[in-house]
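Undergrad: Below is the structure I would like to discuss, written out as structure tokens.
The values are calculated or read from the model by the stated rules, or taken from the named source; none is laboratory data. Please read these numbers as outputs of a predicted model, since none were measured by experiment. All Cβ positions, glycine included, derive from the backbone under ideal geometry; neighbour counts span all protein chains shown. Ligands, DNA and RNA are stripped out before the accessible areas are found, and what is left, the full protein with its side chains, is counted by its heavy atoms. Shrake-Rupley method; radii C 1.70, N 1.55, O 1.52, S 1.80 Å.
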Amino acid sequence: MIRTARTKLVALTSEYAEKLVTYHLENRDYFAPWEPSRPESYYSMDYWLAHTEQAEYAAQSDTAYHFIALLPERHQIAGLCSFTQVARGPFQACYLGYSIASQFAGQGYMTEILEAAISHMFAQRNMHRIMANYMPSNVASARVLQKLGFEQEGYAKQYLRIAGKWEDHVLTAKLRAE
């Protein structure tokens, strides 16, 4: 467990599947412009039980780490973050993904959560580089990454299919201070 001033970060496990269904259903419209189109099954308990099982296996095999940020007093999910496509050897890098519940947006939660999670990945998981990409129109995401010290490294045209449309992305990275 990783503590922040207002949340606690825990590993994604099957015990949180029901809360994940609720989190994604409650934020479905809020997330829609920034995510791939989702099938209805994405909002089911079966999907999230399978996803959490995969996440647990990925952590055990050192290929990805998924965290849930909970409000300790309510055990409510404030946000999620994941470090995926972990590459070892000379690269020691991964990709960062994240989301914040609409009711906590714009209040500094995402920056707080990611600051703690990134510190953990550098110190405990020996990452050298963490990469994060965002759509140019996602000003809030750009601001969070900038606050966290991510630097722009490139621009990828039609990088990901988001909400049914190929979207450009700004490519950023943060390196561990040596």
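Undergrad: Would you check which residues across the stretch 1-35 are among the charged types (D, E, K, R) and farther than 12 Å from residue 70 by Cβ and list them?
TA: 18, 26, 28, 29, 35
Undergrad: Within the set of pairs 6 or more residues apart or between chains, which connect a residue that is within 17 Å of residue 93 (Cα to Cα) inside the stretch 125-150 to a residue that is of a type in the set (S, T, N, Q) with Cβ atoms less than 6 Å apart?
TA: 127/92; 128/92; 132/172; 145/172; 150/172
Undergrad: So how many residues does the stretch 8-38 have that are more than 14 Å from the chain's Cα centre (by Cα), open to solvent by 60 Å² or more (accessible area, probe 1.4 Å) and closer than 17 Å to residue 109 by Cβ?
TA: 3
Undergrad: Which residues, counting only those in the stretch 71-100, are surrounded by fewer than 14 Cβ atoms within 10 Å (Cβ to Cβ), modelled with pLDDT of 95 or more and outside any strand (DSSP E or B)?
TA: 88, 89, 90, 91, listed by residue number.
Undergrad: In the stretch 115-138, which residues are out of contact with any Leu (no Cβ under 8 Å at 6 or more places or on another chain), open to solvent by 40 Å² or more (accessible area, probe 1.4 Å) and within 28 Å of residue 162 (Cα to Cα)?
TA: Across the stretch 115-138, the qualifying residues are 136, 137.
Undergrad: Out of (1) open to solvent by 30 Å² or more (accessible area, probe 1.4 Å); (2) part of a strand (DSSP E or B), what's the single condition that is false for residue 107?
TA: Every condition holds for residue 107 apart from (2).
Undergrad: Please state which one of 148, 96 is touching an Asp or Glu at 6+ places or on another chain (Cβ under 8 Å) and within 26 Å of residue 70 (Cβ to Cβ).
TA: 148
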